[in-house]
């Protein structure tokens, strides 16, 4: 569906329009969940290849957007599991892994003096969340979806989504406090 009220066909032009319209959203979801540009590009390409195969089954522009969000978040979660980018840690153990992953990170996001920018540190903090919490936070605050919409995208129940949002944001707040203290000292 391209917005003309007719079911989507598999034409190359329709597909190009949809890719052009939604490529930044799909890539952004994948990148925020994965934290790796190259893997996020691969995930986005896989999502669009799958879109081409599913295009004739998608009924409207809203259906396409929903389908892309759902597929992108699922494919990113699959990539996390497949590549074991970050082993899940218990919430109580977050400080040690957080210090290694965020405060002792690579050169990405470093300023002139070599210090890691606050926004880069916050991005890394997001990546340390368990995948279900990370997906809920990205879909809520990046894509501006309601808990009901997130539940439809992720396949979770609304109470599970709300719990993931609450726990994820609480963990991010705790991590942000550490980040801000370290950032002010630097």
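No value in this document is a laboratory result; all are computed from the given coordinates. Here the structure is a predicted model, which is why all the values come from computation and not from measurement. When we count neighbours, we look across all protein chains shown, and the Cβ atoms used for this are built from the backbone with ideal geometry, even at glycine.
Residues in region 127-144 that are under 18 Å from residue 173 (Cβ atoms) and not in a helix (DSSP H, G or I): 128, 129, 130, 142.
Would you confirm, using the coordinates I've provided, whether residue 162 is touching a helix residue (DSSP H, G or I) at 6+ places or on another chain (Cβ under 8 Å) and crowded, with 20+ Cβ neighbours inside 10 Å?
Details: touching a helix residue (DSSP H, G or I) at 6+ places or on another chain (Cβ under 8 Å): yes; crowded, with 20+ Cβ neighbours inside 10 Å: no.
Taking the combined requirement at face value, the residue does not satisfy it.
Within region 67-87, the set of residues being closer than 14 Å to residue 19 by Cα and either touching a residue at least 60 places away in the same chain (Cβ under 8 Å) or loosely packed, with under 15 Cβ neighbours inside 10 Å (or both) comprises 69 only.
Taking region 145-161 as the range and being within 15 Å of residue 72 (Cβ to Cβ) and part of a loop (DSSP other than H, G, I, E, B) as the test, the residues that pass are 145, 155. Scanning region 131-159 for residues that are surrounded by 17 or more Cβ atoms within 10 Å (Cβ to Cβ) and within 20 Å of residue 31 (Cα to Cα) yields a total of 15.
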